[in-house]
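Trainee: Below are the structure tokens for one structure; questions will follow.
The values are calculated or read from the model by the stated rules, or taken from the named source; none is laboratory data. Remember, it's a predicted structure, so these values are computed and weren't measured experimentally. Positions of Cβ are backbone-derived with ideal geometry, glycine not excepted, and every protein chain shown enters the neighbour counts. Keep in mind that these areas ignore ligands, DNA and RNA; they rest on the heavy atoms of the full protein, side chains included. Shrake-Rupley method; radii C 1.70, N 1.55, O 1.52, S 1.80 Å.
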Amino acid sequence: MASDKAYLEFVREQLSDLEGVSYRAMMGEYILYYEGKVIGGIYDNRLLLKPTKSVVSIFPEAPRELPYPGAKAMLAAEVDNRALLQRAVEAVAADLPAKKKA
């Protein structure tokens, strides 16, 4: 099942206070970037984030879900709390290594 564009727009609105959030459509789903780093994606109308140490501490009770069969489990993020979601996105990006220079 592909994700709805309306759900993508809802998530983008929740993250609109953060500069540097972008996305790329891929096979009916959306990969999310923050400051050029892949932080997660929208899969089947679920926002899934990379389960870094910091984001797990922000959402300690969040379930781990597979974005698609054969993938690594990701953290199902709460999207209704705008401030918490923005903090989680910043935390994921901070935990990830810097982009490699080409």
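Trainee: Dividing the Cα radius of gyration by the Kirkwood radius, what Rg/Rh value follows for the range 14-70?
Mentor: With Rg and the Kirkwood Rh in hand, the quotient comes to 0.96.
Trainee: Treating cross-link reach as a plain straight distance, find the lysines whose alpha-carbon is under 19 Å from the alpha-carbon of Lys100, omitting any fewer than eight places away in the same chain.
Mentor: Hits, sequence-local ones excluded: Lys37, Lys50.
Trainee: Extending each Cα 7 Å along its Cβ direction at Ser57 and Ala2, get the distance between those two points in nm, one decimal.
Mentor: Output for this residue pair reads 4.0 nm.
Trainee: Note the per residue figure in Å³ for the convex hull of the C-alpha positions in the range 1-40.
Mentor: Hull volume normalised by residue count: 59 Å³.
Trainee: With runs of 4+ DSSP H residues as the only contributors, calculate the mean residue ellipticity of the chain at 222 nm using -39,500 (n - 2.57) per run, divided by the residue total and rounded to the nearest 500.
Mentor: -8500 deg cm²/dmol
Trainee: Under the 0.36 nm per residue contour assumption, what length would be gained going from the current alpha-carbon distance of Tyr23 and Val38 to full extension?
Mentor: Full-extension gain reported as 4.5 nm.
Trainee: Would you mind giving the three semi-axes, in whole Å and largest first, of the ellipsoid equivalent to the chain according to its Cα gyration tensor?
Mentor: 18, 16, 15
Trainee: For the range 22-66, give the magnitude of the charge dipole about the Cα centre (Cβ charges: +1 Lys/Arg, -1 Asp/Glu; no others), in debye to the nearest 20.
Mentor: 160
Trainee: Taking 25 Å as R0, compute the FRET efficiency from the Cβ-Cβ separation of Phe10 and Arg64 and round it to 0.05.
Mentor: Efficiency for this residue pair is about 0.65.
Trainee: Add +1 for every Lys or Arg and -1 for every Asp or Glu among the other residues with Cβ under 12 Å from the Cβ of Leu84, and state the total.
Mentor: Around Leu84, the surrounding residues sum to -1.
Trainee: If you don't mind, there's one more thing I want to ask. In what order, largest first, do Arg12, Arg64 sit by accessible area if the probe radius is 1.4 Å?
Mentor: Most to least solvent-accessible, the answer reads Arg64, Arg12.
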